[in-house]
Amino acid sequence: MEYRRLGGTDLKVSALSLGCSRLGSVTQVEGDKAALRLIGRALDGGINFFDTADIYGQGKSEELLARALKSQRDKVVVATKAGFCLSTAGGIAKRLKPMLRRVLRFKPGFAQAIQKVRGAQNRQDFSPQYLASHIEASLRRLRMETLDLFYLHDPPAEVLQREEVFEKLEELKRQGKLRHYGVSCLAVGDAALCLKQPGVQVLQLQASLLKPEAIWQALPATSIGDVGVVARQIFGDGLLLHSSSGLRRGDYDSDDEFEADQLRLKTFEELAANCGRKLPQLALQFLLQLEGFSSVLLGTTNVQHLEEHLAALSQPRLSSETLAHTRSLLQRVDKQPPG
C-alpha cells in the first residue's frame, strides 16, 4: 500500500480508502459481523483511511468503525461528515432494521425502493448550532476526543458562501473537537467556492472515467492551494463495474443518455483489454496514478470486491502512453455526440 500526505495537513493516508456509507444500513443485510470483517480485511490490506458520516446507517456506521478500530486508533485516519438530517422514513427504518433486513434477504430488489424513499425525504441543516451538536454526537459514537477530519456533507453553493459556517468550524478546531475540516462537494463547480475559504484543507469530489470533470476543473486549483483531494464514486455509480452490454435502456431518462454511456463504456472496455486489464482495474489505476488525488475512495460492503480492488495494486503501473491515451479518450468521448 502506498501512503500519501493529505494536502497540507499532517495526515498520511493510504492511497485507497474505505467508504462506509452502507455499513450498518438497512440494505447491509449481512449485519454487524460482516461489517467488522470488512473493516478488518481493509486494515490487513494496508488501508488506514476510513470515510463515514453521521447519517450513514443512522449513526450505526460510526459505531461499527469505533468497535473495529478501537485497538488501531493511533494508526488510522477517520473522516466523518454532517449536514444531512435524518428523515421521518429513515427514523422508522432505524427501528425496523431487523425486520427489513429479513425482507431484503428474500427480496433484494426492495433495497432500491428503500434508498429512493429515504433519499427523497433527506433534508439538510448547516447552521452552526446543528453542526456543533452533530460533531459532538459523532465524537461520542466514534469514541474519540478529536475528529481527524470533518467534512460538510454535500452543502449547496449558498452554504459555502456563509462565513458563520466556517467560523464555527474554526472555533471547534480551536476547542480541539477536530483537527482538520473540508467539504464533500455536491458538484465539481463548488470546489472553487471551497478554495476561497482558507481553513478548507480537503475536498471530496466525484471523479471517474465517466465523470472526469474534477480532473480538468478542480485538480489544477487544489494543487496550487495545497488542498488534499479524495476521489469518490470512482466506478461511476457502479457502471464501470459492469460491461456496456449490461446497461439497461429503462434505467435512463433518454435514449441519448443511454447511448452516451454505452459508447463511453465500450471505449474504455477496449482500452482496458488492450493493456491486459479489466475495466474496474483500469478505472482505479488511472485515478491512483493521476497527479492531485491524495486518496481514492472505495465504497463496498463485500469482502470479495475489496480483495479484487486491493489486488489491482499489485499489478504493474499503467504506462505513460496508456495514461496519455486515457486522458485523450476522456476528452474525445465527452465531446462526441451519442449514436
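Tell me whether the chain comes out rounded, prolate or oblate; compute the Cα gyration tensor, take square roots of the eigenvalues as a ≥ b ≥ c, and use a/c under 1.5 as the rounded threshold. Walk me through the numbers on the way to the answer.
On the way: a/c = 1.44, a/b = 1.21, b/c = 1.19.
Rounded is the answer for the chain, as its axis ratio a/c remains below 1.5.
Please label the shape of region 167-263 as rounded, prolate or oblate, based on the square roots a ≥ b ≥ c of the eigenvalues of the alpha-carbon gyration tensor (a/c under 1.5 means rounded; beyond that, a/b larger than b/c means prolate, else oblate). Verdict is prolate for region 167-263. Highest average first, the peptides 279-288, 167-176 ordered by how many other beta carbon atoms sit within 10 Å of their residues are 279-288, 167-176.
Farthest towards the positive end of the charge dipole of the chain, among the residues Phe50, Pro155, Met144, is the Cα of Met144, using unit charges on the Cβ of Lys, Arg, Asp and Glu. What the phi angles of region 293-300 give under the Karplus curve with 6.51, -1.76 and 1.60, with θ = phi - 60°, is a coupling list of 7, 6, 7, 10, 8, 9, x, 7 Hz, glycine and proline written as x.
Taken about its Cα centre, the chain carries a charge dipole of about 1360 debye when Lys and Arg each add +1 at the Cβ and Asp and Glu each add -1 at the Cβ.
Given R₀ = 22 Å, FRET efficiency for Asp255-Gln331 by Cβ-Cβ distance, to 0.05?
Details: r = 24 Å, r/R0 = 1.08.
So, using R0 = 22 Å, E works out to roughly 0.40.
Could you work out the local net charge near Asp255, counting Lys and Arg as +1, Asp and Glu as -1, over the other residues with Cβ closer than 13 Å to its Cβ? With Lys, Arg at +1 and Asp, Glu at -1, the net is -4. Fewest-first ordering of Ser133, Ser244, Ser71, Ser21 by other beta carbons within 10 Å of each residue's beta carbon gives Ser71, Ser133, Ser244, Ser21.
Between Gln217 and Gln289, take the C-beta separation as r, use R0 = 22 Å, and let me know the FRET efficiency to the nearest 0.05. Don't skip to the end; give the middle numbers.
Details: r = 19 Å, r/R0 = 0.87.
That gives a FRET efficiency of 0.70.
What the Cβ-Cβ distance of Arg67 and Arg174 gives, at R0 = 30 Å and to the nearest 0.05, is a FRET efficiency of 0.50. For the listed residue pairs Lys70/Lys177; Lys12/Lys211; Lys60/Lys278; Lys33/Lys211, the alpha carbons are over 30 angstrom apart in Lys60/Lys278; Lys33/Lys211. Length available on full extension from Cys85 to Ser245: 0.36 nm per residue minus the Cα-Cα distance, which gives 53.8 nm. Label zone (Arg5, point 7 Å along Cα-to-C-beta; backbone nitrogen cut-off 16 Å) within region 174-210: 201-202.
Loop-only trypsin sites (Lys or Arg not before Pro) in region 231-302, please: DSSP not H, G, I, E or B, and at most 11 other Cβ atoms within 10 Å. Write down the numbers at each step before the final one.
Details: sites: Arg232, Arg248, Arg249, Arg264, Lys266, Arg277, Lys278; in loops: Arg248, Arg277, Lys278.
Within region 231-302, the qualifying trypsin sites (Lys or Arg not before Pro) (loop, at most 11 other Cβ atoms within 10 Å) are Arg248.
Order of Cys85, Cys185, Cys20 from fewest to most other C-beta atoms within 10 Å? Show your work: numbers first, answer last.
Values: Cys85 15, Cys185 26, Cys20 31.
Going from sparsest to densest Cβ surroundings: Cys85, Cys185, Cys20.
As a proxy for reagent exposure, His180, His325, His309 were ordered by neighbouring Cβ count within 10 angstrom, fewest first; the result is His325, His309, His180.
The numbers here are math on the coordinates, done by the rules we state, and not lab data. Note that this is a predicted model, so its numbers are computed, not measured. FYI the Cβ positions are ideal-geometry reconstructions off the backbone, even for glycines, and counts take in every protein chain you see.
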